[in-house]
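Below is one structure, written out as structure tokens, with a few remarks after it.
FYI, it's all coordinate maths here, none of it is from the lab. Since the structure is predicted, the reported quantities are computational estimates derived from the model, not experimental observations. Because the Cβ atoms are built from the backbone with ideal geometry, glycine has one as well, and the counts that use them run over all protein chains shown.
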Amino acid sequence: MNTETKMDVAIIGGGPAGLNAALVLGRARKSVLVIDEGRPRNRVTRESHGFLTRDGISPGEFRRIAMEQISAYPSVRFVADTAVRVDGADGDFTITTAQGAVFRSKKLLFASGMKDLPLNIPGLAEVYGKSAFVCPYCDGWELRDQPLVLITKGARALHLAKMLAGWTNRYTVCTDGPDELTEEQREELNRHRVPLLDSPIQRIESAGGMVERVVLQDGTSVPCKGIFFAPKLAAGSDLPQTLGCRVTGAGTVVVDAFCKTSVPGVYSAGDAASELYQAITAASLGALAGVGINNELLEEAWNI
Ligand SMILES: Cc1cc2nc3c(=O)[nH]c(=O)nc-3n(C[C@H](O)[C@H](O)[C@H](O)COP(=O)(O)OP(=O)(O)OC[C@H]3O[C@@H](n4cnc5c(N)ncnc54)[C@H](O)[C@@H]3O)c2cc1C
């Protein structure tokens, strides 16, 4: 493939969103190029939950099955590379990759996800994805009724504390201090008997990826079987912004019901364009984007 071959659609990102879009578009007989550098958000986790028919599957096996099924549609091609630049406009986009390849496409789909920024807590990396997680919907069931630590601060602490109460009533909130909770929010946690500790976290102790305790700088040690924490997030790619797509303050691309961005011919789906952060919602948004793009291509072909 080179600049002479213009694909119908270039998809940047091959996680659940990009792959489902590729499936829909391949079945719609569109030529599709998926450029993926292979760093999906859930790569640290051993099991992915909550995707009907795939509950408990490893991210690697999910991807293997997806690729196997998509390979039935020969108009879909994959490139393992990073898109570093996009230029052009609706009908003729140019994508340049880190390895120096240049591709052209009529439409563009950013399914480039979000990335977690490190929290810099000693010991967290060892347990992340094994006994420390970010989302109770994804991993709460496995830790139900267990003693847990919730690492979070500010107004979000209260929101996450309420949510976690659905899975266990044995949890402690560690703000990794200092905290910005208001007196009313502290009162609310107190009323629900949720312990709140403000001392900065010194380290997380674990064995074989399984957390054993969270140790605070003031010497407090909180034994626990699991951790939920709220990572800071950044967009998986800033290319949508360089093309002029509107993004929210959280770095999410603003899209319509069919995942169309504010720039003609450019779509975005999955974590990159929603704050739902579930594989099944990412895949469903990828499917919607595929339909939206195909409709636009069909319309254009019809009106020539
Ligand atoms: C620890 C953890 C556990 C999770 N567990 C679950 C779970 O159990 N169940 C669940 O439903 N969800 C889970 N999630 C959420 C789930 O991982 C995401 O919602 C889902 O991966 C989003 O899919 P996506 O396709 O939008 O993005 P991603 O899966 O993140 O894929 C984006 C892809 O785009 C690539 N990319 C980005 N920029 C470029 C570029 N410039 N060029 C080329 N490629 C690029 C990335 O490398 C990546 O491969 C978990 C998340 C985390 C962090």
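General observations
- Farthest positive-ward along the chain dipole, Cα basis, beta-carbon charges - from Asn120, Pro59, Pro40: Pro59
- Radius 11 Å from Cβ of Thr242, net charge of other residues (Lys, Arg +1; Asp, Glu -1): -1
- DSSP beta bridges in the range 109-266 [antiparallel fraction, %, rounded to 5]: 50 percent
- Placing +1 on each Lys and Arg Cβ and -1 on each Asp and Glu Cβ, with no other charges, gives the chain a dipole about its Cα centre of roughly 540 debye.
- A Cβ-based charge dipole, computed about the Cα centre of the range 120-229 with Lys and Arg at +1 and Asp and Glu at -1, lands at about 300 debye.
- Helical content alone sets the calculated 222 nm signal of the chain at -7500 deg cm²/dmol, taking -39,500 (n - 2.57) per DSSP H segment of four or more residues and averaging over every residue.
- Principal-axis tilt of helix 16-27 within the chain, Cα atoms, nearest 10 degrees: 20 degrees
- Neighbour-count order for Val86, Val102, fewest beta carbons within 10 angstrom listed first: Val102, Val86
- Restricting attention to the chain, lysine pairs at least eight places apart or on different chains and with alpha-carbon atoms under 17 angstrom apart total 11.
- Antiparallel bridges, percent of DSSP beta bridges restricted to the chain (to nearest 5): 45 percent
- C-alpha long axis of helix 155-164 to longest principal axis of the chain, angle in °: 90 degrees
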